[in-house]
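The values are calculated or read from the model by the stated rules, or taken from the named source; none is laboratory data. Bear in mind the structure is a predicted one, so any value in this text is a computation, not a measurement. Using ideal geometry, Cβ is built from the backbone for each residue, glycine included, and neighbour counts are taken over all protein chains shown. Ligands, DNA and RNA are stripped out before the accessible areas are found, and what is left, the full protein with its side chains, is counted by its heavy atoms. Shrake-Rupley method; radii C 1.70, N 1.55, O 1.52, S 1.80 Å.
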Amino acid sequence: MNSHRKGFSLIELMTSLSILTILLTGGIPSLTDFYTQYRADSSIRIIQQTLQFARNQAITLNRTVTACAVIDEKCVQNWQVGLTIFIDTNKNSQLDDSDKILYMTNAFNSKDIVKYNRTAIRFQPDGLASGTNGTLKYCPSSATSPYSRAVVINQAGRVRFSTDDNINCT
């Protein structure tokens, strides 16, 4: 007679489940941090590319192009809702009937904070961002997240990633 049994004994199953639980307990926080860092990196890259697009369109179309967060056809401080790029014919930072939307991003993650020191970034036909320069900050999950990122827009209209280590959205 063949007395080989297939499967696990109760002790083997409990040992395996204990080891799996220990590994998952240590791995889940790491995955959360990884996702938070990935979300910050991808979102700040979208912001940087969108602002570069706005500057390029201003130069190409020889028109003033505005980048801002739009609610009810007006530029607002709530950058969380995403960026809207449009030709601002009368330079009033509002979407009027004569203005043309060039591009819109999706809203950013609701847990994240997006801050800028102005309500709009305006690129002149020569590419300059005179008067609307500053640092746009993206902080995932909290205002003091270690994964916070930022882009800097200078007077000449150049958009670059910030090299600061301690970016704070408070």
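What the table shows:
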{"item": "Yes/no for Thr119 being out of contact with any His (no Cβ under 6 Å at 6 or more places or on another chain) and more than 16 Å from Thr66 (Cβ to Cβ)", "result": "no"}
{"item": "Entirely in the stretch 49-124, the strands (runs of 3 or more DSSP E) that have 3 or more residues that are open to solvent by 70 Å² or more (accessible area, probe 1.4 Å)", "result": "100-104"}
{"item": "Residue match in the stretch 25-32 (condition: among the aliphatic types (A, V, I, L, M) and part of a helix (DSSP H, G or I))", "result": "yes"}
{"item": "Among residues of the stretch 125-166, those that are small (Gly, Ala, Ser), touching a residue at least 40 places away in the same chain (Cβ under 8 Å), open to solvent by less than 40 Å² (accessible area, probe 1.4 Å) and assigned to a loop (DSSP other than H, G, I, E, B), counted", "result": "5"}
{"item": "Test set (1) modelled with pLDDT under 95; (2) under 20 Å from Ser142 (Cα atoms); (3) open to solvent by 100 Å² or more (accessible area, probe 1.4 Å) - Leu23 fails condition number", "result": "(2)"}
{"item": "Qualifying positions in the stretch 27-45 - closer than 22 Å to Ala129 by Cα and surrounded by fewer than 16 Cβ atoms within 10 Å (Cβ to Cβ)", "result": "Arg45"}
